[in-house]
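Data block below; observations after.
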Amino acid sequence: MHRFVFRFLGFFLLTGSFESLAAPASIRKSSDITIYSDDKFYCAFPSIVRRRDGELLVAFRRAPDRRAFGEKGITHTDANSYLVLVRSTDAGQTWSRPELIYANPMGGSQDPCMVQLRDNSLICSSYGWAFVKTEAIAGLKGSVHYGNYVFLGGFLVRSENGGRNWSDAIIPAACRGETARGLFGEPIPAYNRGAICEGHDGRLFWAIASNTSTNSQQTETHLMISQDKGKTWQYSCPIARDDRFSINETSLYQTPKGDLVAFMRTEGFNDHTIVARSTDGGRRFSQWIDAEFKGHPHHAIQLPDQRVLLVYGYRHKPFGVRARVLDPECTRFDGEEIVLREDGGNGDLGYPWATTLSRKRALVVYYFNKEDKTREIAGTFIDLE
(Lines give C-alpha, C1' and ligand atoms only; values in the text may rest on other atoms or scores of the structure.)
Protein backbone atom coordinates (compact mmCIF):
# COMPACT_ATOMS: atom_id res chain seq x y z
CA MET A 1 0.00 0.00 0.00
CA HIS A 2 2.87 2.37 0.82
CA ARG A 3 4.10 2.93 -2.74
CA PHE A 4 0.52 3.03 -4.09
CA VAL A 5 0.74 6.61 -2.91
CA PHE A 6 2.92 6.94 -3.40
CA ARG A 7 9.91 19.08 -27.49
CA PHE A 8 11.81 19.92 -30.66
CA LEU A 9 10.54 23.44 -29.87
CA GLY A 10 10.93 22.73 -26.20
CA PHE A 11 14.64 22.07 -26.65
CA PHE A 12 15.11 25.37 -28.45
CA LEU A 13 13.35 27.25 -25.69
CA LEU A 14 15.53 25.64 -23.03
CA THR A 15 18.82 26.22 -24.80
CA GLY A 16 18.02 29.53 -26.45
CA SER A 17 19.69 28.16 -29.59
CA PHE A 18 18.16 27.83 -33.06
CA GLU A 19 21.26 26.35 -34.67
CA SER A 20 21.14 23.21 -36.73
CA LEU A 21 21.26 20.30 -34.31
CA ALA A 22 23.57 17.40 -35.07
CA ALA A 23 21.94 14.04 -34.40
CA PRO A 24 23.71 12.06 -31.69
CA ALA A 25 24.64 8.56 -32.86
CA SER A 26 24.70 7.20 -29.32
CA ILE A 27 24.86 8.18 -25.69
CA ARG A 28 27.70 7.47 -23.30
CA LYS A 29 28.05 7.89 -19.56
CA SER A 30 30.58 10.56 -18.68
CA SER A 31 30.81 10.96 -14.89
CA ASP A 32 28.88 10.87 -11.61
CA ILE A 33 28.35 13.74 -9.19
CA THR A 34 26.91 14.33 -5.74
CA ILE A 35 24.31 17.10 -5.80
CA TYR A 36 23.28 17.11 -2.13
CA SER A 37 24.32 14.90 0.78
CA ASP A 38 24.01 15.30 4.55
CA ASP A 39 24.17 12.31 6.90
CA LYS A 40 21.49 13.89 9.12
CA PHE A 41 18.93 13.79 6.30
CA TYR A 42 17.20 11.20 4.13
CA CYS A 43 16.96 12.76 0.67
CA ALA A 44 15.04 11.19 -2.17
CA PHE A 45 12.78 11.47 -5.24
CA PRO A 46 14.39 14.33 -7.23
CA SER A 47 13.29 16.15 -10.36
CA ILE A 48 15.29 18.59 -12.49
CA VAL A 49 14.61 21.46 -14.90
CA ARG A 50 16.93 23.69 -16.92
CA ARG A 51 16.00 27.37 -17.09
CA ARG A 52 16.37 29.43 -20.27
CA ASP A 53 19.49 31.09 -18.86
CA GLY A 54 21.06 27.68 -18.17
CA GLU A 55 20.41 27.60 -14.43
CA LEU A 56 19.57 24.11 -13.15
CA LEU A 57 17.00 23.48 -10.42
CA VAL A 58 16.74 20.15 -8.62
CA ALA A 59 13.77 19.56 -6.31
CA PHE A 60 13.71 16.71 -3.82
CA ARG A 61 12.17 15.44 -0.60
CA ARG A 62 14.27 15.95 2.54
CA ALA A 63 13.47 14.37 5.91
CA PRO A 64 15.51 13.52 9.00
CA ASP A 65 17.50 10.30 8.84
CA ARG A 66 15.86 8.74 11.87
CA ARG A 67 18.81 6.41 12.39
CA ALA A 68 20.73 9.47 13.54
CA PHE A 69 18.18 9.66 16.40
CA GLY A 70 18.82 6.07 17.41
CA GLU A 71 15.92 4.54 15.51
CA LYS A 72 16.50 1.24 13.76
CA GLY A 73 15.52 2.22 10.25
CA ILE A 74 14.19 4.77 7.81
CA THR A 75 10.90 4.94 5.93
CA HIS A 76 9.25 7.00 3.23
CA THR A 77 6.74 8.48 5.68
CA ASP A 78 7.84 11.26 8.00
CA ALA A 79 6.00 14.22 9.51
CA ASN A 80 9.13 16.35 8.92
CA SER A 81 9.44 15.58 5.23
CA TYR A 82 9.69 18.83 3.25
CA LEU A 83 10.05 19.78 -0.41
CA VAL A 84 13.28 21.66 -1.15
CA LEU A 85 15.38 22.65 -4.16
CA VAL A 86 19.01 23.40 -4.96
CA ARG A 87 20.45 25.44 -7.85
CA SER A 88 23.46 25.32 -10.14
CA THR A 89 24.63 28.14 -12.38
CA ASP A 90 27.68 26.27 -13.71
CA ALA A 91 26.09 23.33 -15.55
CA GLY A 92 25.92 21.13 -12.49
CA GLN A 93 29.46 21.45 -11.19
CA THR A 94 28.45 23.17 -7.93
CA TRP A 95 25.13 23.47 -6.11
CA SER A 96 23.52 25.90 -3.67
CA ARG A 97 22.20 25.16 -0.22
CA PRO A 98 18.58 23.94 -0.08
CA GLU A 99 15.66 26.36 -0.37
CA LEU A 100 12.19 25.47 0.87
CA ILE A 101 9.51 24.82 -1.74
CA TYR A 102 6.72 23.70 0.57
CA ALA A 103 6.13 22.50 4.12
CA ASN A 104 2.80 20.71 4.46
CA PRO A 105 0.88 22.09 7.46
CA MET A 106 -0.79 18.71 8.04
CA GLY A 107 2.24 16.43 7.78
CA GLY A 108 5.05 15.37 5.46
CA SER A 109 5.31 15.80 1.69
CA GLN A 110 6.71 13.40 -0.90
CA ASP A 111 8.07 13.19 -4.42
CA PRO A 112 8.26 16.76 -5.78
CA CYS A 113 7.70 16.35 -9.53
CA MET A 114 8.80 19.69 -10.97
CA VAL A 115 8.15 20.60 -14.61
CA GLN A 116 8.96 23.80 -16.51
CA LEU A 117 6.27 25.10 -18.86
CA ARG A 118 6.84 26.96 -22.11
CA ASP A 119 5.93 30.28 -20.47
CA ASN A 120 8.90 29.67 -18.11
CA SER A 121 6.67 29.06 -15.08
CA LEU A 122 7.17 25.99 -12.89
CA ILE A 123 4.63 23.50 -11.60
CA CYS A 124 5.42 20.92 -8.95
CA SER A 125 3.12 18.07 -7.93
CA SER A 126 3.42 16.17 -4.67
CA TYR A 127 1.35 14.33 -2.06
CA GLY A 128 1.28 14.13 1.71
CA TRP A 129 1.04 11.97 4.85
CA ALA A 130 -0.26 12.99 8.28
CA PHE A 131 0.98 11.40 11.50
CA VAL A 132 -1.84 10.04 13.69
CA LYS A 133 -1.38 8.42 17.09
CA THR A 134 -2.08 4.71 17.33
CA GLU A 135 -5.21 5.06 19.45
CA ALA A 136 -6.83 7.30 16.82
CA ILE A 137 -6.14 5.15 13.75
CA ALA A 138 -9.05 2.79 14.36
CA GLY A 139 -11.48 5.70 14.41
CA LEU A 140 -10.52 6.92 10.95
CA LYS A 141 -13.14 5.13 8.91
CA GLY A 142 -11.91 4.05 5.52
CA SER A 143 -8.75 6.16 5.61
CA VAL A 144 -5.69 4.89 3.79
CA HIS A 145 -2.91 4.54 6.29
CA TYR A 146 0.55 3.05 6.53
CA GLY A 147 1.44 2.44 10.15
CA ASN A 148 0.74 5.71 11.94
CA TYR A 149 0.59 7.74 8.76
CA VAL A 150 -2.68 8.57 7.00
CA PHE A 151 -2.60 9.50 3.33
CA LEU A 152 -3.59 13.10 2.49
CA GLY A 153 -3.61 12.73 -1.27
CA GLY A 154 -2.08 15.05 -3.84
CA PHE A 155 -1.45 18.77 -4.25
CA LEU A 156 0.44 21.09 -6.59
CA VAL A 157 2.34 24.37 -6.23
CA ARG A 158 3.34 26.87 -8.92
CA SER A 159 6.13 29.43 -9.31
CA GLU A 160 6.31 32.38 -11.69
CA ASN A 161 9.84 33.50 -10.72
CA GLY A 162 12.17 30.56 -11.11
CA GLY A 163 11.31 28.85 -7.85
CA ARG A 164 12.08 31.83 -5.63
CA ASN A 165 8.47 31.92 -4.45
CA TRP A 166 5.73 29.32 -4.65
CA SER A 167 1.96 29.51 -4.58
CA ASP A 168 -0.27 28.10 -1.91
CA ALA A 169 -1.14 24.44 -2.39
CA ILE A 170 -3.57 23.68 -5.20
CA ILE A 171 -5.78 20.77 -4.17
CA PRO A 172 -7.06 18.87 -7.21
CA ALA A 173 -10.34 17.01 -7.38
CA ALA A 174 -10.38 13.31 -6.63
CA CYS A 175 -10.25 10.85 -9.49
CA ARG A 176 -13.69 9.90 -10.78
CA GLY A 177 -14.83 6.85 -8.80
CA GLU A 178 -12.08 7.10 -6.17
CA THR A 179 -12.75 4.72 -3.28
CA ALA A 180 -9.77 5.55 -1.04
CA ARG A 181 -10.48 8.00 1.77
CA GLY A 182 -8.23 10.54 3.44
CA LEU A 183 -7.78 11.94 6.91
CA PHE A 184 -11.28 13.45 7.10
CA GLY A 185 -13.10 10.66 5.29
CA GLU A 186 -13.24 12.44 1.92
CA PRO A 187 -12.07 10.86 -1.37
CA ILE A 188 -8.35 11.56 -1.63
CA PRO A 189 -7.30 14.33 -4.03
CA ALA A 190 -5.60 13.20 -7.24
CA TYR A 191 -1.92 12.29 -6.84
CA ASN A 192 1.01 10.69 -8.64
CA ARG A 193 4.77 10.36 -8.83
CA GLY A 194 5.72 11.19 -12.42
CA ALA A 195 6.11 13.94 -14.97
CA ILE A 196 3.22 16.15 -16.00
CA CYS A 197 3.33 16.78 -19.76
CA GLU A 198 2.63 20.14 -21.42
CA GLY A 199 0.96 19.33 -24.72
CA HIS A 200 1.61 20.98 -28.06
CA ASP A 201 -1.67 22.89 -27.58
CA GLY A 202 -0.71 24.19 -24.12
CA ARG A 203 -2.90 21.85 -22.09
CA LEU A 204 -1.29 20.00 -19.18
CA PHE A 205 -1.69 16.23 -18.98
CA TRP A 206 -1.29 14.49 -15.63
CA ALA A 207 -1.36 10.71 -15.19
CA ILE A 208 -2.63 9.97 -11.70
CA ALA A 209 -2.73 6.80 -9.62
CA SER A 210 -6.10 5.86 -8.19
CA ASN A 211 -8.23 3.13 -6.70
CA THR A 212 -11.71 2.78 -8.10
CA SER A 213 -12.27 -0.85 -7.12
CA THR A 214 -13.10 -2.65 -3.90
CA ASN A 215 -9.53 -4.03 -3.73
CA SER A 216 -7.88 -1.36 -1.59
CA GLN A 217 -4.43 -2.78 -2.29
CA GLN A 218 -4.58 -2.33 -6.07
CA THR A 219 -4.21 0.87 -8.09
CA GLU A 220 -4.72 1.87 -11.70
CA THR A 221 -3.93 5.04 -13.66
CA HIS A 222 -6.19 7.76 -15.07
CA LEU A 223 -5.72 11.03 -16.97
CA MET A 224 -6.44 14.52 -15.64
CA ILE A 225 -6.18 17.61 -17.90
CA SER A 226 -5.67 21.29 -17.07
CA GLN A 227 -6.56 24.16 -19.41
CA ASP A 228 -5.12 26.86 -17.12
CA LYS A 229 -1.50 25.85 -16.40
CA GLY A 230 -2.39 23.57 -13.49
CA LYS A 231 -4.68 25.78 -11.46
CA THR A 232 -7.69 23.52 -12.05
CA TRP A 233 -7.96 19.94 -13.28
CA GLN A 234 -10.68 17.92 -15.01
CA TYR A 235 -11.00 14.16 -15.31
CA SER A 236 -10.53 12.75 -18.82
CA CYS A 237 -10.29 8.95 -19.04
CA PRO A 238 -8.70 5.75 -17.70
CA ILE A 239 -5.13 5.01 -18.84
CA ALA A 240 -4.47 1.47 -17.62
CA ARG A 241 -5.89 -1.09 -15.25
CA ASP A 242 -5.37 -4.80 -14.63
CA ASP A 243 -7.05 -6.97 -12.03
CA ARG A 244 -3.83 -8.97 -11.49
CA PHE A 245 -1.50 -6.19 -10.33
CA SER A 246 -1.14 -2.52 -9.42
CA ILE A 247 -0.20 0.19 -11.90
CA ASN A 248 1.06 3.58 -10.70
CA GLU A 249 3.95 6.12 -10.79
CA THR A 250 3.43 7.21 -14.38
CA SER A 251 5.27 9.77 -16.51
CA LEU A 252 3.73 11.18 -19.67
CA TYR A 253 5.52 12.20 -22.88
CA GLN A 254 4.09 13.71 -26.07
CA THR A 255 5.69 12.68 -29.35
CA PRO A 256 6.29 15.00 -32.32
CA LYS A 257 3.14 13.61 -33.99
CA GLY A 258 1.12 14.38 -30.88
CA ASP A 259 0.67 10.95 -29.30
CA LEU A 260 0.59 10.86 -25.50
CA VAL A 261 2.72 7.98 -24.22
CA ALA A 262 2.38 6.78 -20.62
CA PHE A 263 5.36 4.96 -19.04
CA MET A 264 4.04 3.08 -16.01
CA ARG A 265 5.35 1.23 -12.98
CA THR A 266 3.82 -2.13 -12.10
CA GLU A 267 3.69 -3.96 -8.78
CA GLY A 268 3.03 -7.70 -9.04
CA PHE A 269 4.06 -7.97 -12.71
CA ASN A 270 7.75 -8.76 -12.08
CA ASP A 271 8.50 -5.02 -12.12
CA HIS A 272 7.97 -4.87 -15.87
CA THR A 273 7.50 -1.47 -17.47
CA ILE A 274 4.20 -1.14 -19.30
CA VAL A 275 3.22 1.50 -21.86
CA ALA A 276 -0.10 2.89 -23.08
CA ARG A 277 -0.77 5.42 -25.84
CA SER A 278 -3.38 8.03 -26.71
CA THR A 279 -3.63 9.18 -30.33
CA ASP A 280 -6.59 11.52 -29.84
CA GLY A 281 -5.34 14.14 -27.41
CA GLY A 282 -6.08 12.25 -24.23
CA ARG A 283 -9.69 11.26 -24.82
CA ARG A 284 -8.83 7.55 -24.61
CA PHE A 285 -5.80 5.26 -24.33
CA SER A 286 -5.01 2.00 -26.08
CA GLN A 287 -4.66 -1.26 -24.18
CA TRP A 288 -1.33 -1.22 -22.36
CA ILE A 289 1.59 -3.27 -23.69
CA ASP A 290 4.47 -4.96 -21.88
CA ALA A 291 7.73 -3.17 -22.76
CA GLU A 292 9.49 -6.36 -21.57
CA PHE A 293 12.14 -4.81 -19.38
CA LYS A 294 12.38 -4.22 -15.64
CA GLY A 295 12.64 -0.89 -13.90
CA HIS A 296 10.70 1.99 -12.35
CA PRO A 297 9.72 4.76 -12.26
CA HIS A 298 10.46 6.49 -15.54
CA HIS A 299 11.21 9.88 -17.03
CA ALA A 300 11.40 10.68 -20.75
CA ILE A 301 12.96 13.66 -22.52
CA GLN A 302 13.49 14.56 -26.16
CA LEU A 303 17.06 14.49 -27.46
CA PRO A 304 18.30 16.99 -30.09
CA ASP A 305 17.52 14.58 -32.95
CA GLN A 306 13.96 14.01 -31.60
CA ARG A 307 14.74 10.55 -30.25
CA VAL A 308 13.74 9.96 -26.64
CA LEU A 309 15.94 9.32 -23.61
CA LEU A 310 14.06 7.14 -21.14
CA VAL A 311 15.61 6.79 -17.68
CA TYR A 312 14.46 4.53 -14.84
CA GLY A 313 15.56 3.06 -11.55
CA TYR A 314 16.80 -0.53 -11.27
CA ARG A 315 15.94 -1.89 -7.83
CA HIS A 316 17.34 -5.36 -8.40
CA LYS A 317 20.91 -6.57 -8.11
CA PRO A 318 23.08 -4.86 -9.21
CA PHE A 319 21.15 -1.88 -7.83
CA GLY A 320 21.29 1.36 -9.77
CA VAL A 321 19.93 3.46 -12.63
CA ARG A 322 19.48 2.60 -16.30
CA ALA A 323 18.41 4.19 -19.58
CA ARG A 324 17.28 3.44 -23.12
CA VAL A 325 17.09 5.52 -26.27
CA LEU A 326 13.74 5.22 -28.03
CA ASP A 327 12.64 6.24 -31.50
CA PRO A 328 10.90 9.66 -31.73
CA GLU A 329 7.39 8.16 -31.61
CA CYS A 330 8.23 5.67 -28.82
CA THR A 331 7.11 2.62 -30.76
CA ARG A 332 10.00 0.25 -29.95
CA PHE A 333 11.43 -0.63 -26.55
CA ASP A 334 13.93 -3.38 -27.42
CA GLY A 335 17.02 -1.22 -27.86
CA GLU A 336 20.22 -1.46 -25.85
CA GLU A 337 19.89 -0.94 -22.11
CA ILE A 338 22.47 1.58 -20.86
CA VAL A 339 23.74 1.12 -17.30
CA LEU A 340 24.30 4.48 -15.62
CA ARG A 341 24.87 3.14 -12.09
CA GLU A 342 25.17 -0.40 -10.71
CA ASP A 343 26.97 0.28 -7.42
CA GLY A 344 23.99 0.94 -5.15
CA GLY A 345 23.83 -0.44 -1.64
CA ASN A 346 20.27 -1.76 -1.90
CA GLY A 347 17.02 -1.12 -3.71
CA ASP A 348 16.21 2.13 -1.88
CA LEU A 349 17.45 4.35 -4.71
CA GLY A 350 16.65 5.54 -8.20
CA TYR A 351 13.63 7.63 -9.22
CA PRO A 352 15.66 9.36 -11.96
CA TRP A 353 14.78 12.55 -13.85
CA ALA A 354 16.71 13.99 -16.79
CA THR A 355 17.37 17.19 -18.72
CA THR A 356 19.53 18.18 -21.68
CA LEU A 357 22.30 20.66 -20.90
CA SER A 358 23.36 21.28 -24.51
CA ARG A 359 23.29 19.58 -27.87
CA LYS A 360 26.01 17.22 -26.64
CA ARG A 361 25.35 16.75 -22.93
CA ALA A 362 22.57 15.68 -20.56
CA LEU A 363 22.24 15.20 -16.81
CA VAL A 364 20.27 12.48 -15.04
CA VAL A 365 19.51 13.01 -11.33
CA TYR A 366 18.33 10.39 -8.82
CA TYR A 367 18.67 9.43 -5.19
CA PHE A 368 21.31 6.93 -4.18
CA ASN A 369 22.90 5.03 -1.34
CA LYS A 370 25.99 2.91 -0.88
CA GLU A 371 26.14 0.18 1.76
CA ASP A 372 22.73 1.30 3.09
CA LYS A 373 24.26 4.57 4.29
CA THR A 374 23.24 8.17 3.60
CA ARG A 375 20.51 8.65 1.01
CA GLU A 376 21.78 11.46 -1.17
CA ILE A 377 20.83 13.25 -4.35
CA ALA A 378 23.28 12.28 -7.07
CA GLY A 379 23.60 12.62 -10.82
CA THR A 380 25.23 11.23 -13.94
CA PHE A 381 26.40 13.28 -16.89
CA ILE A 382 25.73 11.75 -20.29
CA ASP A 383 27.58 12.61 -23.49
CA LEU A 384 25.42 12.76 -26.62
CA GLU A 385 27.71 11.68 -29.42
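The values are calculated or read from the model by the stated rules, or taken from the named source; none is laboratory data. Computed from a predicted structure; not experimentally measured. Cβ placement follows ideal geometry from the backbone for every residue including glycine, while neighbour counts extend to all protein chains displayed.
A few notes on this one:
- Any hit, the range 227-239, residues being out of contact with any Phe, Trp or Tyr (no Cβ under 6 Å at 6 or more places or on another chain), within 25 Å of residue 355 (Cβ to Cβ) and in a strand (DSSP E or B): no
- Selection status of residue 250, modelled with pLDDT of 95 or more, touching a Pro at 6+ places or on another chain (Cβ under 9 Å) and surrounded by fewer than 16 Cβ atoms within 10 Å (Cβ to Cβ): no
- In the range 126-168, the qualifying residues are those that are of a type in the set (S, T, N, Q) and within 27 Å of residue 206 (Cβ to Cβ), and the one that is surrounded by the most Cβ atoms within 10 Å (Cβ to Cβ) is 126.
- Selection of first residues in the range 314-331 that are farther than 25 Å from residue 370 by Cβ and of second residues that are of a type in the set (D, E, K, R) and surrounded by fewer than 21 Cβ atoms within 10 Å (Cβ to Cβ), restricted to Cβ pairs under 7 Å at least 6 apart or on distinct chains, gives the following pairs, ordered by first then second residue: 325/307; 326/307; 326/332; 327/307; 328/307; 329/257; 329/259.
- Members of the range 141-175 that are of a type outside the set (Val, Ile, Thr), touching a Phe, Trp or Tyr at 6+ places or on another chain (Cβ under 9 Å), outside any strand (DSSP E or B) and modelled with pLDDT under 95: 148
- Selection within the range 336-385 - part of a strand (DSSP E or B) and among the polar types (S, T, N, Q): 355, 356, 358, 380
- Residue pairs whose Cβ atoms lie under 7 Å apart, sitting 6 or more positions apart in sequence or on different chains, and linking a residue in the range 67-87 that is within 12 Å of residue 107 (Cα to Cα) to a partner that is of a type in the set (A, V, I, L, M, F, W, C) and assigned to a loop (DSSP other than H, G, I, E, B), are 82/103.
- Of all residues in the range 27-61, those satisfying the criterion of being closer than 18 Å to residue 159 by Cβ, among the charged types (D, E, K, R) and more than 15 Å from the chain's Cα centre (by Cα) are 50, 51, 52, 53, 55.
- Check on residue 21, farther than 21 Å from residue 347 by Cβ, touching a strand residue (DSSP E or B) at 6+ places or on another chain (Cβ under 6 Å) and either modelled with pLDDT of 95 or more or not in a strand (DSSP E or B) (or both): no
- The number of residues in the range 249-292 that are hydrophobic (A, V, I, L, M, F, W, C), in a loop (DSSP other than H, G, I, E, B) and more than 25 Å from residue 154 (Cβ to Cβ) comes to 0.
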